[in-house]
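K.L.:
I have a structure here, written as structure tokens, and I will follow up with some questions on it.
The values are calculated or read from the model by the stated rules, or taken from the named source; none is laboratory data. Owing to the predicted nature of the structure, the values given are computational and were not obtained by experimental measurement. Cβ atoms come from the backbone with ideal geometry, glycine included; neighbour counts cover every protein chain shown.
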Amino acid sequence: MEKIRLSKLMSEQGICSRREADRYIEKGWVLVDGEPVSELGTKVFPSQKVTLNNSAQTQQQTQVTILLNKPISYVSGQAEDGYQPAVVLIKADSRWANDTTALRFTPQQLRGLAPAGRLDIDSQGLLVLTQDGRIAKQLIGEDSLIDKEYLVRVTGKLVGNGLNMLNHGLALDGQKLKPAKVTWQNEDQLRFVLREGKKRQIRRMCELVGLKVTGLKRVRIGKVKLGDLPVGQWRYLRADESF
């Protein structure tokens, strides 16, 4: 059995993200078989027991995850081409009045808050921003099984077997897409459920079967729904919610 980097093992075991692991290791907050490790790059056997001390556990418990109904014309991540990132909407006065969590908003919660997945600039709907690497890995890790649901308005004429192709049979950038669940909601709206998120994937899929997307809204990620959250407002992920 070969040794692997401690931070990689911690990420694989869902303890935290690699970045968080390195931070905890530097602070001496990681225990391997009960002994603290503080040297970055340390390698361990996968069979060894890795735990976090109380300081790291406390920090994890204070990390927040925020659900935002992202409006059109905001980018998910870093600012680009003069467009603002969605995180600028996370402020006290844009918190949803119906948020039932007891958490109090502080600017410190913006530190390390990053989107767990993308939502195109001309799309709106549910965007998750989190300080918690475990949630980020769950949503955007390579082996993520979390599905995402979208309501998509379209124009144009669907090619003969287009619906079947949308469900299974399309490729983008030379790569076959994972099977999707695509159904008609009404005469001009499709419902997409996907387990991947390539750039502008739904729009490009629709173009391949003769349709043009005129509106796209993400309404669910895993078991968490957008619900009645107003556009441009946000709330905290509740303790009783999970993806």
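K.L.:
Return only the number of the condition from (1) crowded, with 18+ Cβ neighbours inside 10 Å; (2) of a type outside the set (D, E, K, R); (3) modelled with pLDDT under 95 that residue 152 does not satisfy.
P.N.:
The number of the failed condition is (3).
K.L.:
It is to be established whether one or more residues within the stretch 35-43 are crowded, with 19+ Cβ neighbours inside 10 Å and in contact (Cβ under 8 Å) with a residue 24 or more places away in the chain. Before the answer, list the steps.
P.N.:
First pass over the stretch 35-43, keeping only residues crowded, with 19+ Cβ neighbours inside 10 Å: none.
Within the stretch 35-43 (the criterion being crowded, with 19+ Cβ neighbours inside 10 Å and in contact (Cβ under 8 Å) with a residue 24 or more places away in the chain), the answer is no, since none of the residues qualifies.
K.L.:
Now for a separate question. Pairs needed: first member in the stretch 127-145, touching a residue at least 12 places away in the same chain (Cβ under 8 Å); second member anywhere, in a helix (DSSP H, G or I) and among the aliphatic types (A, V, I, L, M); C-beta distance under 6 Å; at least 6 residues apart or different chains.
P.N.:
These pairs meet every condition: 127/86; 130/136.
K.L.:
Could you pull out the residue among 159, 128 that is among the β-branched types (Val, Ile, Thr) and in a strand (DSSP E or B)?
P.N.:
Details: 159 fails: in a strand (DSSP E or B).
Unique residue meeting the criteria: 128.
K.L.:
Residue 119 passes all but one of (1) surrounded by fewer than 21 Cβ atoms within 10 Å (Cβ to Cβ); (2) assigned to a loop (DSSP other than H, G, I, E, B); which number fails?
P.N.:
Residue 119 satisfies all of (1) surrounded by fewer than 21 Cβ atoms within 10 Å (Cβ to Cβ); (2) assigned to a loop (DSSP other than H, G, I, E, B) except (1).
K.L.:
Restricting the first residue to the stretch 214-230 and requiring it to be farther than 30 Å from residue 157 by Cα, which pairs with a second residue that is β-branched (Val, Ile, Thr) and surrounded by 14 or more Cβ atoms within 10 Å (Cβ to Cβ) meet a Cβ separation below 6 Å and a spacing of at least six or different chains?
P.N.:
222/146
Residues are listed down the side, and each one gets a yes or a no for (1) more than 19 Å from residue 167 (Cβ to Cβ); (2) modelled with pLDDT under 95:
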position: 196; (1), (2): no, yes
position: 199; (1), (2): yes, yes
position: 207; (1), (2): no, no
position: 210; (1), (2): no, no
position: 222; (1), (2): yes, no
position: 229; (1), (2): yes, no
position: 236; (1), (2): yes, no
position: 240; (1), (2): yes, yes
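K.L.:
Still on this structure, please answer the following. Please state which of the following conditions residue 233 fails to meet, knowing it meets all the rest: (1) free of Cβ contacts under 8 Å to residues at least 40 places away in the same chain; (2) of a type in the set (S, T, N, Q); (3) closer than 16 Å to residue 126 by Cα.
P.N.:
(1)
K.L.:
Suppose we filter the stretch 68-78 for residues that are among the small types (Gly, Ala, Ser), at pLDDT below 90 and loosely packed, with under 12 Cβ neighbours inside 10 Å; how many remain? Explain how you work it out, then say what you get.
P.N.:
Initially, the stretch 68-78 is screened for residues among the small types (Gly, Ala, Ser), giving 73, 76-77.
Retained after the next criterion (residues that are at pLDDT below 90): 77.
Pick out the ones that are also loosely packed, with under 12 Cβ neighbours inside 10 Å and you get none.
Total meeting the criteria: 0.
K.L.:
Just to be sure before I move on: is residue 200 touching a residue at least 40 places away in the same chain (Cβ under 8 Å) and not aromatic (Phe, Trp, Tyr) in the structure I sent? Working first, answer last.
P.N.:
Numbers: touching a residue at least 40 places away in the same chain (Cβ under 8 Å): yes; not aromatic (Phe, Trp, Tyr): yes.
Taking the combined requirement at face value, the residue satisfies it.
Yes/no per residue for (1) among the charged types (D, E, K, R); (2) touching a strand residue (DSSP E or B) at 6+ places or on another chain (Cβ under 9 Å); (3) at pLDDT 95 or above:
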site	(1), (2), (3)
19	yes, no, no
28	no, yes, no
43	yes, yes, no
63	no, yes, no
66	no, yes, yes
80	yes, no, no
95	yes, yes, yes
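Matching residues to (1) at positive phi; (2) outside the structural domain of residue 119 (by TED's automatic domain parsing); (3) among the polar types (S, T, N, Q):
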{"residue": "13", "(1), (2), (3)": "no, yes, yes"}
{"residue": "34", "(1), (2), (3)": "yes, yes, no"}
{"residue": "49", "(1), (2), (3)": "no, yes, no"}
{"residue": "55", "(1), (2), (3)": "no, yes, yes"}
{"residue": "77", "(1), (2), (3)": "no, no, no"}
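K.L.:
Report whether or not residue 166 is crowded, with 19+ Cβ neighbours inside 10 Å, on the phi < 0 side of the Ramachandran plot, at pLDDT 95 or above and touching a Cys at 6+ places or on another chain (Cβ under 8 Å).
P.N.:
Numbers: crowded, with 19+ Cβ neighbours inside 10 Å: yes; on the phi < 0 side of the Ramachandran plot: yes; at pLDDT 95 or above: yes; touching a Cys at 6+ places or on another chain (Cβ under 8 Å): yes.
Taking the combined requirement at face value, the residue satisfies it.
K.L.:
Out of all the residues in the stretch 171-218, which are of a type in the set (Lys, Arg), in a strand (DSSP E or B) and over 18 Å from residue 119 (Cα atoms)?
P.N.:
Initial filter on the stretch 171-218 (of a type in the set (Lys, Arg)): 176, 178, 181, 191, 195, 198-200, 203-204, 212, 217-218.
Those still in the list that are in a strand (DSSP E or B) too: 176, 181, 191, 212, 217-218.
Selection gives 176, 181.
K.L.:
Can you list the helices (runs of 4 or more DSSP H) found entirely within the stretch 1-96 that contain at least 2 residues being in contact with a Lys or Arg (Cβ under 6 Å, 6 or more places away or on another chain)? So that I can check it myself, show each step before the final result.
P.N.:
On the way: elements: 6-12, 18-26, 54-62.
Fully inside the stretch 1-96 and qualifying: 6-12.
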